[in-house]
Amino acid sequence: MRLYRTLFAPTLLAACLATSCADPNQNSTNEVPTAQAATDASPSIKAAYKDAFYVGAALNGRQASGNDAKAIKLLQEQFNTISPENLLKWEAVHPKQGVYNFEAVDKYVALGEQNDMFIVGHTLVWHNQTPKWVFEDAQGKPVSKEELLKRMEDHIKTVAGRYKGRIDSWDVVNEALNDDGTLRQSPWLKIIGEEFLVKAFEYAHQADPEMELYYNDYNLWKPAKRDGAVRLVRNLQEKGIKVAGIGMQGHYGLHAPSLEDIEASIKAFSDLGVKVAFTEVDIDVLPNPSNRQGADIDATFEFDEKYNLYTDGLPDSVQQQLTQRYTDLFNLFQKHSDKIDRVTFWGVTDNDSWLNNWPIQGRTSYPMLFDRQYQPKPAYNAVLEAAAKAK
Ligand code: XIL
């Protein structure tokens with residue numbers, strides 16, 4: 001766990017550099033590279049923000065299993081926390097009743113431990129990427145409330161329980177709110193009622209009393225949704241549940257949302273006595289038919305070349321806007337570093353980003369700090385400079 005790693009891992013690493021020994025905290029069957037001492041001295045985002053917050057990236061399956069060596073090198077140099085892009089979603093880890101796939105997740109967790117990273121779990125209870133069987137009986141009819149609660153409890157205790165003391169923070173519930181701040185009519189809400197929120201957090205706490213429990217959502221900068229999240233978390237707190245933080249996904253555009261709206265949410269959430277994390281940061285530079293905001297993964301559109309503007313590279317003018325947007329965001333994050341615990345990018349390089357395939361499949365997107373050749377973009381320098389300026 002975090003404390004163990006913070007206190008003891010550096011000592012172990014130093015001892016192991018001199019001799020050759022196995023970290024007892026590691027899974028020796030997963031041969032993934034460990035952090036190199038030499039990279040610690042190079043400029044890095046994790047070093048630049050070490051007194052402010054964790055900075056991280058979401059990993060896809062290839063990366064988590066150590067099969068994208070260049071991405072792993074960047075990860076080790078630049079970041080100190082990881083999130084699983086898809087590996088821990090219900091459909092991936094628990095595709096059929098009684099069938100769990102832990103192989104990929106075991107590698108993900110081992111990679112984080114071997115590199116002394118803050119390890120995030122994403123996500124236990126969500127309406128998306130959750131198989132239909134979860135909500136249905138053998139006849140395809142909705143299951144009873146009792147049965148769904150039992151399935152939820154089994155899932156949470158099996159998955160979160162397996163990584164007890166190893167995964168540091170869980171997005172317990174993802175996207176339970178509509179943009180107007182009301183509760184989403186998901187199968188969880190329809191079958192169980194509002195109690196599903198309380199139960200999810202209770203089961204997660206029982207699975208690992210030490211881990212940090214988060215509520216995570218998109219568009220939390222919207223005033224109505226912000227108020228909804230405040231109500232949701234306050235209700236949990238009134239029932240005695242310790243919510244560690246609120247995850248603002250951070251799937252933003254070049255010019256919207258406004259910094260003022262984001263800042264108002266940071267403050268409102270912090271006033272609840274919980275931490276704030278930016279859990280899935282990316283900046284979409286591409287247009288789309290709906291001027292979409294947020295990140296509803298079901299809201300997709302047919303491919304049309306006119307929304308795929310930059311197949312030959314990002315024009316300088318847009319590159320500059322992207323750089324400025326990252327500067328502005330990191331200035332804001334830095335200003336509120338007493339409230340913000342973590343900033344995680346939803347991918348390592350432009351090539352990995354889900355925005356190449358959402359909300360329109362098959363486009364060329366440029367949302368991250370590293371390009372398709374794993375090279376830092378101007379936005380990377382901007383993020384480093386924002387840290388330096390604050391000192
Ligand atoms: C996305 C992944 O990046 C995609 O690969 C997948 O096809 C769909 O889900 N909000 C979340 C994330 O909480 O889990 C979503 O991730 C993006 C929106």
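The values are calculated or read from the model by the stated rules, or taken from the named source; none is laboratory data. Since we're looking at a predicted model, the values are computed, not measured. Cβ: placed from backbone, ideal geometry, glycine included. Neighbour counts: every protein chain shown. Just the protein is used for accessible areas: all its heavy atoms, side chains included, with ligands, DNA and RNA removed. Shrake-Rupley method; radii C 1.70, N 1.55, O 1.52, S 1.80 Å.
When Gly362 is tested against (1) more than 20 Å from Gln293 (Cα to Cα); (2) open to solvent by 40 Å² or more (accessible area, probe 1.4 Å); (3) not in a helix (DSSP H, G or I), exactly one condition is not met: (1).
Going through region 93-114 one residue at a time, which ones are within 16 Å of Tyr163 (Cα to Cα) and of a type in the set (A, V, I, L, M)? Give the steps one after another, and end with the answer.
Quick first cut of region 93-114, residues within 16 Å of Tyr163 (Cα to Cα) only: 93-94, 100-114.
Once the filter is applied, which keeps residues that are within 16 Å of Tyr163 (Cα to Cα) and of a type in the set (A, V, I, L, M), region 93-114 yields Val93, Ala104, Val105, Val109, Ala110, Leu111.
Within region 354-386, the residues that satisfy the criterion of being without any contact (Cβ under 8 Å) to a residue 40 or more places away in the chain and within 16 Å of the ligand (Cβ to nearest atom) are Asn356, Asn357. Within this structure, Ala264 passes the test of being under 22 Å from the mean Cα position of the chain (by Cα), open to solvent by less than 40 Å² (accessible area, probe 1.4 Å) and either farther than 23 Å from Trp126 by Cα or not hydrophobic (A, V, I, L, M, F, W, C) (or both).
Summed over region 137-181, the residues that are at pLDDT below 95 and either within 16 Å of the ligand (Cβ to nearest atom) or assigned to a helix (DSSP H, G or I) (or both) give a count of 0. The residue list Gly228, Gly240 contains one member that is out of contact with any Pro (no Cβ under 8 Å at 6 or more places or on another chain) and in contact (Cβ under 8 Å) with a residue 24 or more places away in the chain, which is Gly228. Quick one: is Trp133 out of contact with any Leu (no Cβ under 6 Å at 6 or more places or on another chain), in contact (Cβ under 8 Å) with a residue 24 or more places away in the chain and within 16 Å of the ligand (Cβ to nearest atom)? No: the conditions fail for Trp133.
Looking only at residues in region 65-92 that are assigned to a helix (DSSP H, G or I) and within 13 Å of the ligand (Cβ to nearest atom), which one is least open to solvent (accessible area, probe 1.4 Å)?
Just the residues of region 65-92 that are assigned to a helix (DSSP H, G or I), to begin with: 69-78, 90-92.
Subsequent filtering for residues that are within 13 Å of the ligand (Cβ to nearest atom) retains 90-92.
On the way: Trp90: 6, Glu91: 86, Ala92: 36 Å².
The extreme case among them is Trp90.
In the set (1) away from the ligand (no atom under 12 Å from the Cβ); (2) open to solvent by 10 Å² or more (accessible area, probe 1.4 Å); (3) in contact (Cβ under 8 Å) with a residue 12 or more places away in the chain; (4) not basic (Lys, Arg), the condition left unmet by Glu103 is number (3).
One line per residue, one yes/no per condition, for (1) among the acidic types (Asp, Glu); (2) within 16 Å of the ligand (Cβ to nearest atom); (3) open to solvent by 10 Å² or more (accessible area, probe 1.4 Å):
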{"site": "Pro209", "(1), (2), (3)": "no, no, yes"}
{"site": "Asn216", "(1), (2), (3)": "no, yes, no"}
{"site": "Lys225", "(1), (2), (3)": "no, yes, no"}
{"site": "Gly228", "(1), (2), (3)": "no, no, no"}
{"site": "Arg231", "(1), (2), (3)": "no, no, yes"}
{"site": "Asn235", "(1), (2), (3)": "no, no, yes"}
{"site": "Gly240", "(1), (2), (3)": "no, no, yes"}
{"site": "Ile246", "(1), (2), (3)": "no, yes, no"}
{"site": "His255", "(1), (2), (3)": "no, no, yes"}
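Please tell me if Val243 is aliphatic (A, V, I, L, M) and either in a helix (DSSP H, G or I) or under 14 Å from Val172 (Cβ atoms) (or both). It is true that Val243 is aliphatic (A, V, I, L, M) and either in a helix (DSSP H, G or I) or under 14 Å from Val172 (Cβ atoms) (or both).
Say whether the condition of being part of a helix (DSSP H, G or I), at pLDDT 95 or above and open to solvent by less than 10 Å² (accessible area, probe 1.4 Å) is met by at least one residue in region 116-132. Please lay out each step first, then the result.
Filtering region 116-132 for residues part of a helix (DSSP H, G or I) gives 132.
Next, only the ones that are at pLDDT 95 or above stay: 132.
Right, trim to open to solvent by less than 10 Å² (accessible area, probe 1.4 Å) and you get none.
Scanning region 116-132 turns up no residue that is part of a helix (DSSP H, G or I), at pLDDT 95 or above and open to solvent by less than 10 Å² (accessible area, probe 1.4 Å).
What number of residues within region 330-353 are among the acidic types (Asp, Glu) and within 13 Å of the ligand (Cβ to nearest atom)? Residues meeting the conditions: 1. Of all residues in region 331-349, those being open to solvent by 30 Å² or more (accessible area, probe 1.4 Å) and small (Gly, Ala, Ser) number 1.
The numbered conditions (1) within 14 Å of the ligand (Cβ to nearest atom); (2) touching a strand residue (DSSP E or B) at 6+ places or on another chain (Cβ under 6 Å) are all true for Phe269 except (1). Check region 281-295 and report whether any residue there is within 29 Å of Val383 (Cα to Cα), in contact with a helix residue (DSSP H, G or I) (Cβ under 6 Å, 6 or more places away or on another chain) and open to solvent by 30 Å² or more (accessible area, probe 1.4 Å). Scanning region 281-295, I find at least one residue that is within 29 Å of Val383 (Cα to Cα), in contact with a helix residue (DSSP H, G or I) (Cβ under 6 Å, 6 or more places away or on another chain) and open to solvent by 30 Å² or more (accessible area, probe 1.4 Å), so the answer is yes.
Taken together, Ala229, Ala264 contain a single residue that is touching a helix residue (DSSP H, G or I) at 6+ places or on another chain (Cβ under 8 Å), closer than 19 Å to Asp296 by Cβ, among the small types (Gly, Ala, Ser) and part of a helix (DSSP H, G or I), which is Ala229. The one condition from (1) surrounded by 23 or more Cβ atoms within 10 Å (Cβ to Cβ); (2) not in a helix (DSSP H, G or I) that Tyr108 does not meet is (2). Residues in region 176-210 that are closer than 25 Å to Pro257 by Cβ and touching a Pro at 6+ places or on another chain (Cβ under 9 Å): Gly181 only.
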